[in-house]
Each structure stands twice: as structure tokens, then as C-alpha cells.
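The values are calculated or read from the model by the stated rules, or taken from the named source; none is laboratory data. Remember, it's a predicted structure, so these values are computed and weren't measured experimentally. As a convention, Cβ positions derive from the backbone with ideal geometry for all residues, glycine included, and neighbour counts pool all protein chains shown.
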Amino acid sequence: MSLIGVLFVLILGSYSLFFYAQRPLVRAKSEATAIAKEQAGIEKAMDFYWYNGGVDTYFTVGGYTNEEEYQYVVIKQNGGNTWTFSSQEIVTEEEAKSILLALKQPSDILEARIGMEKEEPFWEVAYQDEEGQLGYIIISARTGELIREFQDI
């Protein structure tokens with residue numbers, strides 16, 4: 001087999017692996033978006049978050065209603081419970097990242113995602129510090145107060 005043939009097989013195999021690895025994410029996003037449209041009238045989905053911590057998994061869709069109000073729809077994977085929060089009543093993703101910056105001096109903010117604990121929304125914001133260690137903070141999505149933090153992971 002020629003070098004070109006080997007490269008073709010490697011590229012095709014890599015693409016196939018990536019495509020199949022993304023299927024659960026694409027499916028969860030599609031189903032969560034449909035629920036957000038039905039439950040909260042989301043017309044334009046902008047953001048998708050997948051929180052898999054503790055006991056339960058939550059999917060969140062952030063988007064605009066036809067009144068141009070940005071809302072977060074949090075969906076519990078098992079059981080299908082949903083909660084809807086206006087961006088006016090909870091901390092937004094950008095605000096959560098700003099809170100992290102005020103508390104820590106990360107070299108990089110990796111991601112932020114919404115979860116629920118005892119029916120209360122929170123943001124989990126992951127970061128990397130100057131030494132390359134991973135950490136994350138959990139802040140109340142209602143008040144912006146620090147709930148927990150994990151460092152040097």
C-alpha cells in the first residue's frame with residue numbers, strides 16, 4: 001500500500017472516530033433544544049451545557065424567546081424535570097467567569113456549565129492556574145456567592 005493510501009485510511013479512520021464520538025453530544029443537544037423550545041418558548045438556541053457531576057446529569061440550553069429575552073432551560077437527564085431561569089434572575093456565563101477572575105488568577109478559563117443541587121442552580125467554572133494545575137469553583141447562579149472550590153487537580 002502506498003503512503004497516500006495509508007494516509008487516506010488514517011484520515012478516514014480519524015474522521016469516523018471523531019464523528020461517532022460526537023454522536024451522544026449531538027443527540028443530547030438536539031433533544032434538549034427541542035425540550036427548551038417546547039417548555040420555555042426558546043426560539044433561538046445559542047448555548048448548550050452538559051453538567052455531569054455528583055449523582056445526576058443536567059443539560060442546559062441558553063437562548064432567546066420570541067420576546068428577545070435570554071433564558072436558561074435546565075433539564076435533568078433522568079426524569080426530565082425542567083427549570084427555566086431568565087438571564088435577569090441568575091448569574092450569566094460571562095458573569096460567572098468574571099467572578100472566577102475576581103477570586104483567582106487563572107492562566108486560562110476552560111469552561112463554565114450549569115448544574116443543579118437541591119433544586120438550586122449553580123455554575124461550575126473550570127480553570128488552569130499558572131502552574132498548569134486544574135481547578136474549578138462552584139458558585140450560586142442566584143447570588144454569585146462561592147459554594148465550593150477545588151484546586152490542584
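Points to keep in mind about this one:
- Which listed residue is assigned by TED's automatic domain parsing to the domain that holds VAL26, part of a loop (DSSP other than H, G, I, E, B) and either of a type in the set (Gly, Ala, Ser) or touching a residue at least 24 places away in the same chain (Cβ under 8 Å) (or both), from GLY132, GLY62, GLY79, GLY144: GLY79
- All of (1) small (Gly, Ala, Ser); (2) in contact with a Phe, Trp or Tyr (Cβ under 9 Å, 6 or more places away or on another chain); (3) without any contact (Cβ under 8 Å) to a residue 60 or more places away in the chain hold for GLY115 with one exception: (3).
- Looking across the range 65-76, the residues that are out of contact with any Phe, Trp or Tyr (no Cβ under 7 Å at 6 or more places or on another chain) and in a strand (DSSP E or B) come down to THR65, VAL73.
- SER2 being modelled with pLDDT under 90 and over 21 Å from THR143 (Cα atoms): yes
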